Amino acid sequence: MALLHTVNKSPFERNGLESCLRHARDGSAILFIEDGVYALLRGAEHATMVEHAAPRCSIYALEADLAARGIEPKRLINGVKLVDYHGFVDLAVAHDGVQSWL
Amino acid sequence: MALLHTVNKSPFERNGLESCLRHARDGSAILFIEDGVYALLRGAEHATMVEHAAPRCSIYALEADLAARGIEPKRLINGVKLVDYHGFVDLAVAHDGVQSWL
Amino acid sequence: MKFAVVVNEGPYQHQAVDTAFNFSSAVLERGHQIDRVFFYHDGVNTATRLAVPPQDDRNITRKWSELAAQHGLDLVVCVAAAQRRGIIDADERRRHGKDADNLAPGFRISGLGQLIETAIDADRVVVFGD
Amino acid sequence: MKFAVVVNEGPYQHQAVDTAFNFSSAVLERGHQIDRVFFYHDGVNTATRLAVPPQDDRNITRKWSELAAQHGLDLVVCVAAAQRRGIIDADERRRHGKDADNLAPGFRISGLGQLIETAIDADRVVVFGD
Amino acid sequence: MADSLSTDGCNPLQKAKRFLCINRRAPYGTVYALESLEVVLAAAAFEQRVTVLFMDDGVFQLVRGQETGALGVKNFSPTYKALDSYEVERIVVERESLERRGLAPKDLVIPVEILNESEVSELFESHDILLNF
Amino acid sequence: MADSLSTDGCNPLQKAKRFLCINRRAPYGTVYALESLEVVLAAAAFEQRVTVLFMDDGVFQLVRGQETGALGVKNFSPTYKALDSYEVERIVVERESLERRGLAPKDLVIPVEILNESEVSELFESHDILLNF
């Protein structure tokens, strides 16, 4: 049993990322979408929270949301895998359920 | 020149309170409305942030929002003045402007 | 004293429009004036006359329509925000070839200039939102 | 694999309904099925046919209507949420004595049971919201 | 609230699933608390196995003594007392969420099952359907 | 964007006021960034004295290199370059908000005036009208 978690809010504005990281169990995947992608900016305050979780969870980001916000992949913390909407679907299929941290 | 600041979001969920406290200058008033009133719960995490600001700013809470949420006045940190909607209007009149930390 | 009130969120989903209503009523009860209420962003969704809220819940749109009728309030819905969200009056219906309109009594649709204008004219601007 | 998609926010104000659309399109492109899309809370505001978004912006409602027509999607709008917010079809119009309706093509209004049902039937439920 | 249900074409007894309804928001500031309660009742009416989880600001939904008269909105907190009669299986509150808000179980309008953070984490994996609002 | 303006019955030159348009939200996740930009242009078209402030997540609105094709939404960031020609008086970014997000002025689509926290606090008091989105 492994879940796909999605985080769609900026960690600077909301508490969704924090709650996600408290509850995502080892082996689960976390996909950052919409304003959630700001959590992955290297050098930003919350990046270390995600880096800390990375060894035990797979970290993904939705390419379209990064591009819209002008975030080049090289600005991200290490170990983030990029996916498009097809990849989002594939992740939902590959996991046993989807938890959206709205 | 003294402003009335309003905070309408729970400090557990959003960053509005923090931004307000960073920018409310000495002598201004802060009115907590809607889910903002949760910032004033004694014993809760963010109460000390507000207590710290209290000596330099006047702290108000909208009674109707406290009552709706089941928060009795005795549960609040010290020094919070309660107002009804008329009191909200009076505060807006008495200050030079209103800054809503949406 | 003259107030301008701005509403950024729609009815039911967020408390903003309820707070704005209670605040506006209090402004009038205190003997002050409401220069204009400007509905922007999802706030424009307040202005539909097609809502049928449950009997045991408040009818937010009707409360505004009644307050406007009693006190001659100017309730303005931003035209650009309203077009995006499907709030239209009879003029807009004809202009865009739609087959129905839904603007509630007491509201009118106009441009963003109405927000700037009331902000200039009022002594206080108070914004309600998410 | 069968997906149920839930949309909690209305068009333009939040990205949720855009993301839900792009996700749903990708589900179909990947050869999976959409069992149902359920519009709840402000999500129901997606289902108006009266919107006139600017020429240089997307028409979110039309995108859903077209996707539904192409793939036979079942787009269900929660009746209780829709009544609160003024999204009604011809039946609702007659039942509540309203003078207009605004439901867009490809959407239908029904009860919360439709959400429970699709959650039971689908292999995955994905919720999009604020 | 059950008047919006339609059971056409569904035989729920054949395949009762485990629903987890996740409440992370305070009441009244937004509609989510009220409309998620309607989903809980709907799922229960379909004879599904329903767990309602209150965490983060969602725990505020259960605070006793809510009085909404001055706001002019409906007080829906009495409905939580009916969850039992709707045969909602579990009503769970996260301990850490309560404590961070200076709340205790005695402050809540109904008796609940208190779970700690790691037990709550398990809930996400032990249910078939996760509904967020 | 100026097509939604109406100047009937208002002589703006007589009483130019100082508007502060406060942007605290990221673009695209919500509409506020786009619709607040429309307010800025409207206020400037009324020949008011307009300051646009970007703080908290609002600083993300100005990040260069936005490409919205894959999202299917309009990229409105080029409009910030037009603020100058609309005679918007000041475009201010809070230094601390940039730094907390790992950003520097060179990451932004236009040159801006960088103010620190206490200077930003003064802005709220030195303007007549505060507009939040």
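What follows draws every value from the coordinates through simple rules; no lab data is involved. Keep in mind the model is a prediction, meaning the values are calculated, not measured. Positions of Cβ are backbone-derived with ideal geometry, glycine not excepted, and every protein chain shown enters the neighbour counts.
By Cβ position, the chain D residue that hugs the axis carrying D onto C most closely, with its distance in whole Å, is D:Ala100, 2.
What's the local net charge at D:Asn22, with K and R +1, D and E -1, over the other residues with C-beta under 13 Å away? Please report the intermediate quantities before stating the final value.
Working: positive: D:Arg30, D:Arg58, D:Lys63; negative: A:Glu34, A:Glu63, A:Asp65, A:Asp84, D:Asp18, D:Glu29.
Summing Lys and Arg as +1 and Asp and Glu as -1 gives -3.
With contacts defined as alpha carbon pairs under 8 Å and 6 or more residues apart, what's the relative contact order of region D:1-118 in percent?
Details: 198 pairs, mean separation 31.8, N = 118.
After rounding, I find 27 percent.
Taken along the Cα-to-beta-carbon direction at a fixed 7 Å, the label points for A:Lys81 and E:Arg18 span 2.6 nm. Partner lysines whose Cα lies under 16 Å from the Cα of D:Lys63, excluding those fewer than 8 positions away in the same chain, are identified as F:Lys74.
Give me the compactness ratio for the protein assembly as shown, meaning the Cα radius of gyration over 2.2 N^0.38 Å.
Working: Rg = 24.0 Å, N = 730, 2.2 N^0.38 = 26.9 Å.
Computed over Cα atoms of the protein assembly as shown, the ratio equals 0.89.
Considering only chain A, the C-beta nearest to the rotation axis that sends A to B is found at A:Arg14, 3, the distance in whole Å. Placing a label point 7 Å from Cα along the Cα-to-Cβ axis, B:Thr48 is separated from the same position in the other copies by 1.9 nm, shortest listed first.
Please label the shape of region E:83-133 as rounded, prolate or oblate, based on the square roots a ≥ b ≥ c of the eigenvalues of the alpha-carbon gyration tensor (a/c under 1.5 means rounded; beyond that, a/b larger than b/c means prolate, else oblate). Cα axes put region E:83-133 in the oblate bin. Placing a label point 7 Å from Cα along the Cα-to-Cβ direction at F:Glu119 gives distances to the equivalent points in the other copies of 5.3 nm, listed shortest first. Secondary-structure-derived ellipticity at 222 nm for chain A, considering helices only, amounts to -8000 deg cm²/dmol, per-run term -39500 (n - 2.57) for DSSP H runs with n ≥ 4. Helices in chain E, meaning DSSP H runs of at least 4 residues, each add -39500 (n - 2.57). Divided by all residues, the mean residue ellipticity at 222 nm is -6500 deg cm²/dmol. Largest GNM mean-square fluctuation across B:Ala47, B:Ala29, B:Ala61, computed for chain B with C-alpha springs under 10 Å, falls on B:Ala47. Size descriptors for chain A (Cα atoms only): Rg and Dmax, in that order, 12.1, 35 Å. Between E:Glu119, E:Glu87, E:Glu47, the GNM of chain E built on Cα springs shorter than 10 angstrom shows E:Glu119 fluctuating the most. Distances between placed amide hydrogens fall under 5 Å for E:Glu89 paired with E:Val50, all partners being 5 or more residues away or on another chain. Bridging of E:Lys106 to aspartates and glutamates at a Cα separation below 16 Å is possible for B:Glu72, E:Glu94, E:Glu96, once same-chain residues fewer than 8 apart are set aside.
Between D:Glu29 and A:Glu51, the distance separating the two model label sites (each 7 Å from Cα on the Cα→Cβ line) works out to 3.4 nm.
In nanometres and ascending order, the distances from the C:Arg62 label point to those of the other copies are 3.6 (point 7 Å from Cα along Cα→Cβ). Over the residues of chain D, the helix contribution to mean residue ellipticity at 222 nm works out to -10500 deg cm²/dmol, using -39500 (n - 2.57) for each DSSP H run of at least 4. Label zone of E:Arg100 (point 7 Å out along Cα→Cβ, amide N under 11 Å): in region B:1-29 this covers B:11-14. Taking a ≥ b ≥ c as the square roots of the Cα gyration tensor eigenvalues, with a/c under 1.5 meaning rounded and otherwise prolate when a/b beats b/c, else oblate, which class fits chain E? Taking the square roots of the gyration eigenvalues as a ≥ b ≥ c, chain E is oblate.
On the rotation that sends chain E to chain F, the chain E Cβ lying closest to the axis gives residue and distance in whole Å as E:Thr30, 7.
Using only atoms on other chains, find how many Cβ atoms lie within 10 Å of each Cβ of peptide F:58-71 and report the average. Display every interim value, and only then the final one.
Working: counts 0, 1, 8, 2, 1, 6, 1, 6, 5, 6, 6, 3, 10, 14.
Taking all residues of F:58-71 together, the mean is 5.
Considering only trypsin sites (Lys or Arg not before Pro) in DSSP loops that have at most 16 other Cβ atoms within 10 Å, the longest stretch of chain B without any of them is B:57-102. When the square roots of the Cα gyration tensor eigenvalues are ordered a ≥ b ≥ c, the ratio a/c for region D:1-110 is 1.5 or more and a/b exceeds b/c, which makes its shape prolate.
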